[in-house]
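Colleague: Take this structure, written in structure tokens, and hold onto it; I'll ask about it next.
The values are calculated or read from the model by the stated rules, or taken from the named source; none is laboratory data. What you see is a predicted model; the values in this text were computed from it and never measured. Here the Cβ positions follow ideal geometry from the backbone for every residue, glycine too, while neighbour counts run over all protein chains shown. Side chains are part of the model used for accessible areas, which takes the heavy atoms of the whole protein and leaves out ligands, DNA and RNA. Shrake-Rupley method; radii C 1.70, N 1.55, O 1.52, S 1.80 Å.
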Amino acid sequence: MKWSRTVLTLVLAFASTACVLLKTDERIDVVIAATDLGAGKKIADSDITITSIPVSAFTRDMPRKGSQVVGHTTKLPISKGELVLLSELK
């Protein structure tokens, strides 16, 4: 009886550890440039798109909605596919 209980405990511990290690990272939506945006460009809806990144890579400087950046002006050039950061906008 002790032997089977020990084996069961080890199997459950291994399975729990494997689930934690293999768990896919949750993702979060962020705004990226859909086109190259030059410095001083007023951002329109057509200039941006939404993509998802792992939650672990998210920072507070990353807008999650287009409404947070549309109408703002870029301080620096932002390349197509690059994350739009709030600190890069006026």
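Colleague: Just the residues that are surrounded by fewer than 12 Cβ atoms within 10 Å (Cβ to Cβ) and among the aliphatic types (A, V, I, L, M), please, taken from region 49-76.
Modeller: Across region 49-76, the qualifying residue is only 55.
Colleague: Can you pull out every residue in region 81-90 that is closer than 15 Å to residue 30 by Cβ, in contact with a strand residue (DSSP E or B) (Cβ under 9 Å, 6 or more places away or on another chain) and open to solvent by 30 Å² or more (accessible area, probe 1.4 Å)?
Modeller: To start, the set of residues in region 81-90 that are closer than 15 Å to residue 30 by Cβ comprises 81-89.
Remaining after also requiring in contact with a strand residue (DSSP E or B) (Cβ under 9 Å, 6 or more places away or on another chain): 81-85, 88-89.
If the condition is that a residue be closer than 15 Å to residue 30 by Cβ, in contact with a strand residue (DSSP E or B) (Cβ under 9 Å, 6 or more places away or on another chain) and open to solvent by 30 Å² or more (accessible area, probe 1.4 Å), then 81, 82, 83, 85 are the ones that fit.
Colleague: Which of the residues belonging to region 46-84 are part of a strand (DSSP E or B), among the aliphatic types (A, V, I, L, M) and at pLDDT below 95? So that I can check it myself, show each step before the final result.
Modeller: Taking region 46-84 and keeping what is part of a strand (DSSP E or B), we get 48-54, 73-74, 78, 83.
Subsequent filtering for residues that are among the aliphatic types (A, V, I, L, M) retains 48, 50, 53, 78, 83.
53, 78, 83, listed by residue number.
Colleague: For residue 28, work out the one condition from (1) at pLDDT 95 or above; (2) open to solvent by less than 70 Å² (accessible area, probe 1.4 Å); (3) in contact with a helix residue (DSSP H, G or I) (Cβ under 8 Å, 6 or more places away or on another chain) it doesn't fulfil.
Modeller: Of everything listed in (1) at pLDDT 95 or above; (2) open to solvent by less than 70 Å² (accessible area, probe 1.4 Å); (3) in contact with a helix residue (DSSP H, G or I) (Cβ under 8 Å, 6 or more places away or on another chain), residue 28 misses just condition (1).
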